[in-house]
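Visitor: Once you've had a glance at the structure underneath, I'll fire off some questions.
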Amino acid sequence: MTDEPRGLLVARGVRKSYADLLVLDGIDLQVSAGQTLALLGPSGCGKTTLLRVLAGLEPFDTGSVTVGGSPVEGPSPQRGIVAQAGTLFPWLTVSQNVGFGPRELGAADVRRTVADLLAVTGLTDFADALPRQLSGGMRQRASLAQVLANQPPLLLLDEPFGALDAQTRLRMHEWVRGLLAERPTNTILVTHDVDEALLLGDRLGLLSPRPSRVVSERELSFGADRGRHTLTDPAFVQLKASVLAEVLAA
Amino acid sequence: MTDAPLSQVAAVSGVVTTPASARSGRRRHRRLVGLVVPLLLLLGWQLSWELELRPRSILPSPHQVLTAADAFFFGTNNVTLSGIVPFKGAAWLHISASVERCLSTWVLAVGVGLVLGLGLGLSRWVADLLEPVTNALRAVPLFAWLPLAAVQFGIGERPARILIFIGALWPVVVATTDSVARVPRIHVETARMLGTPRSRLWRRVYLPSALPEIVTGLRLSLTLAWTCVIVGELLGVSRGIGAMMIAAREAGATEQIIVGVLLFATIGYAGDRLLRLMARPLVRWGDA
């Protein structure tokens, strides 16, 4: 263990293959200081595999992944991942799902943690509902609350809003942006949606088609107050066109 | 962060409700439909008796069966069949004996079945070790165990319980093995990511996730245990509905045999309904 910041993620030369199929070809990236790194890549480029490797859910062939200086060797409450399919346990109510992690870790005052997160995610009235009784957007907010309940220093978002309709997705973007501003968490978001990457990221990394590499990185400086109005900002439109051209050329 | 988007999203709920009056009306209608076939059977039975399609010595009338049932439940306990098995006024004696024999053995089979099923479903090592044996054993018809049980344990209580145990065991084992093996990987990964150690996964993830299918296995197991009671009670026990029916056959009292059949059907049905009712809170999340 080194003196690196608690949630600092550093990946160096990560390669991963399934049998003869090379999926990740020397991934280098770093995220820290409450930043959101948005990784944009085409479908099938290995985004989910990359996030699963970073979460410790998949072994990798060569390279290194450390969080806070410690090597990633398996799943851990230090790295919360929210997937497109959601992470809720269907047999538990929303509040039981949110309290699952703190209870497993023997945290004090679980009830208060749950109440706080339900309030933040606007799900207080649905505390006793089962996941199947929620809309898609509500399920994703509950999944986020479930993961945030353990206060992980690193949050991994795997196309979490991919299954939502366009309007709900936009509302969720605004909401997550606000949430991450309120509770700065080192976050990596993988997505194939350019708007999503530009709205939520502080930095943008472009992934090549499979085998995946980080082909470019840039800072995103649209300010903290991003939302639907940002979509029509000339600077946003111009950057989006440029990023799209880069993605298509990759 | 503003409240507006949140309230707009929160306003959407997937719950679709049906008015309670419409639901209860439908339920009443379904119950009435369910009575049609039993009433037709009763009518056919009465007609067969009236027309003497079968000799009346082997096909009693519904009224004779009702009279026998009345004697079984409310008669004075002064008549025995074959010398040792009482009939009149002995209903509760036999029912309680059969139910106790079934339930206590079923609970044991459920416990063993759950442990065995979890082991087979969760551990490749256990599966490699035990699966060939368990697959071969569960292919043995229940009646094939009958002579072996009689030779090994003689007649009486023990072989009866062993047969019930064997009959009740396999549905639990199969349901548990299959359902825990099919638990979605994302649930296991989520639990690990949230801090659940491997040693607690079976309790926190596998068991609750597999519960709807396990409950189906438990229902099948209870039904089989109940049907095995009659087989078990062939093996020389003196108390139990099966024992009463065997004694009635020896005495040529067909109406008493039919009382036994009706009791098996009624108690078996009630037991299944009760189990479903008790399990409902645990598996309500699996309802479509």
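Every read-out reported here was derived from the displayed coordinates using simple, explicitly stated rules and does not represent laboratory data. Everything numeric in this text was worked out from a predicted model, so none of it was measured. As a convention, Cβ positions derive from the backbone with ideal geometry for all residues, glycine included, and neighbour counts pool all protein chains shown.
Visitor: Could you list which residues have their amide H under 5 Å from that of A:V82, counting only those 5 or more apart in sequence or on another chain, with H placed in the peptide plane?
Guide: A:L156, A:L157, A:D158
Visitor: For the range B:173-272, what's the relative contact order in percent, using C-alpha pairs closer than 8 Å and at least 6 residues apart?
Guide: Taking the mean separation of contacting Cα pairs over the length of the range B:173-272, I get 23 percent.
Visitor: Using a Förster distance of 35 Å, how high is the FRET efficiency between B:L66 and B:R28, based on the Cβ-Cβ distance and rounded to 0.05?
Guide: With R0 = 35 Å, the Cβ-Cβ based efficiency is 0.85.
Visitor: Here is a further query. Within 10 Å of each Cβ in B:127-135, how many Cβ atoms from other chains are there, averaged over the peptide?
Guide: Average per residue, whole number: 0.
Visitor: Using modelled backbone amide H atoms (1.01 Å from N, in-plane), which distant-in-sequence or interchain residues come within less than 5 Å of A:V215's amide H?
Guide: A:L206, A:L207, A:S208
Visitor: Go through A:127-136, A:168-177 and give me the packing order, highest mean Cβ count within 10 Å leading.
Guide: Peptide ranking by packing, descending: A:168-177, A:127-136.
Visitor: For the residue pair A:A107 and B:T266, what label-to-label distance in nm results when each label sits 7 Å from Cα along the Cα-to-beta-carbon direction?
Guide: 5.6 nm
Visitor: Based on the Cβ-Cβ distance of A:D128 and A:E219, what FRET efficiency does E = 1/(1 + (r/R0)^6) give at R0 = 51 Å, to the nearest 0.05?
Guide: 0.70
Visitor: Answer rounded, prolate or oblate for the range B:94-177, using the Cα gyration tensor with square roots of eigenvalues a ≥ b ≥ c: rounded when a/c is under 1.5, else prolate when a/b is larger than b/c, else oblate.
Guide: Taking the square roots of the gyration eigenvalues as a ≥ b ≥ c, the range B:94-177 is oblate.
Visitor: Taking chain A as a Gaussian network, Cα atoms linked when under 10 Å apart, which of A:D116, A:D233, A:D20 shows the biggest mean-square fluctuation?
Guide: The residue with the greatest mean-square fluctuation here is A:D20.
Visitor: In terms of modelled amide H atoms, which long-range or inter-chain residues lie less than 5 Å from the amide H of A:G26?
Guide: HN-HN under 5 Å from A:G26: A:V14, A:R15, A:K16.
Visitor: Across peptide B:184-192, how many C-beta atoms of other chains are within 10 Å of each residue C-beta, on average?
Guide: Per residue, the number of nearby Cβ atoms from other chains is 6 on average.
Visitor: For chain B, which DSSP H helices look membrane-span-like by this rule: Cα extent along the axis of 18 Å or more and mean Kyte-Doolittle of at least -1.0?
Guide: Those that pass (Cα extent of 18 Å or more, hydropathy at least -1.0) are B:20-50, B:91-122, B:124-138, B:157-181, B:207-232, B:254-283.
Visitor: Let me have the relative contact order for chain A, percent, based on Cα pairs under 8 Å that are six or more residues apart.
Guide: It rounds to 27 percent for chain A.
Visitor: Going by average Cβ neighbours within 10 Å, how do the peptides B:128-140, A:96-108 rank, with the highest at the top?
Guide: Most protected by this proxy first, the peptides run A:96-108, B:128-140.
Visitor: So for chain A: antiparallel DSSP bridges make up what percent, rounded to the nearest 5?
Guide: Restricted to chain A, the bridges split so that about 50 percent are antiparallel.
Visitor: Sticking with this one: Between B:L103, B:L220, B:L274, where does the largest GNM mean-square fluctuation fall for chain B, given springs only between Cα atoms within less than 10 Å?
Guide: Comparing B:L103, B:L220, B:L274 in a Gaussian network model of chain B, the most mobile one is B:L274.
Visitor: Run the reach check for B:K88 against lysines, Cα to Cα strictly under 28 Å, same-chain hits fewer than 8 apart removed. What comes back?
Guide: Counting by Cα, and skipping residues close in sequence, B:K88 has no lysines nearby.
Visitor: Can you give me the Cα centroid spacing of the range B:209-224 and the range B:163-182 in angstrom?
Guide: Computed from Cα coordinates, the inter-centre distance equals 8 Å.
Visitor: If the cut-off is 13 Å between C-alpha atoms, which aspartates and glutamates fall inside it for A:K240, apart from same-chain ones fewer than 8 positions away?
Guide: Reachable aspartates and glutamates: A:D193, A:D195, A:E196.
Visitor: Could you work out [θ]222 nm for chain B from helices alone, using -39500 (n - 2.57) per DSSP H run of at least four and dividing by all its residues? Round to the nearest 500 deg cm²/dmol.
Guide: Helices in chain B give a 222 nm mean residue ellipticity of -25000 deg cm²/dmol.
Visitor: Run the dipole for the range B:78-286 about the Cα centre, Lys and Arg Cβ at +1, Asp and Glu Cβ at -1, nothing else charged, and hand back the magnitude in debye, nearest 20.
Guide: Approximately 800 debye in magnitude.
Visitor: Note down the nm distance, to one decimal, between modelled labels 7 Å out along Cα→Cβ at A:A119 and at B:R273.
Guide: With each label point 7 Å from Cα toward Cβ, the separation is 4.8 nm.
Visitor: For chain B, what is the relative contact order in percent, using Cα pairs closer than 8 Å and at least 6 residues apart in sequence?
Guide: Reported relative contact order: 22 percent.
Visitor: What FRET efficiency do you get for A:L244 and A:E73 if R0 is 56 Å and r is their Cβ-Cβ distance, rounded to the nearest 0.05?
Guide: After rounding, the FRET efficiency stands at 0.90.
Visitor: Which whole number gives the average, over all residues in A:116-128, of C-beta atoms from other chains lying within 10 Å of the residue C-beta?
Guide: Mean shielding count: 2.
Visitor: Summing -39500 (n - 2.57) over the DSSP H runs of n ≥ 4 in chain A and dividing by its residue number, what mean residue ellipticity at 222 nm do you reach, to the nearest 500 deg cm²/dmol?
Guide: That calculation yields -10500 deg cm²/dmol at 222 nm.
Visitor: For the ranges B:85-93, B:60-68, what's the packing order if you count other beta-carbon atoms within 10 Å of each residue, average per peptide, and put the highest first?
Guide: B:85-93, B:60-68
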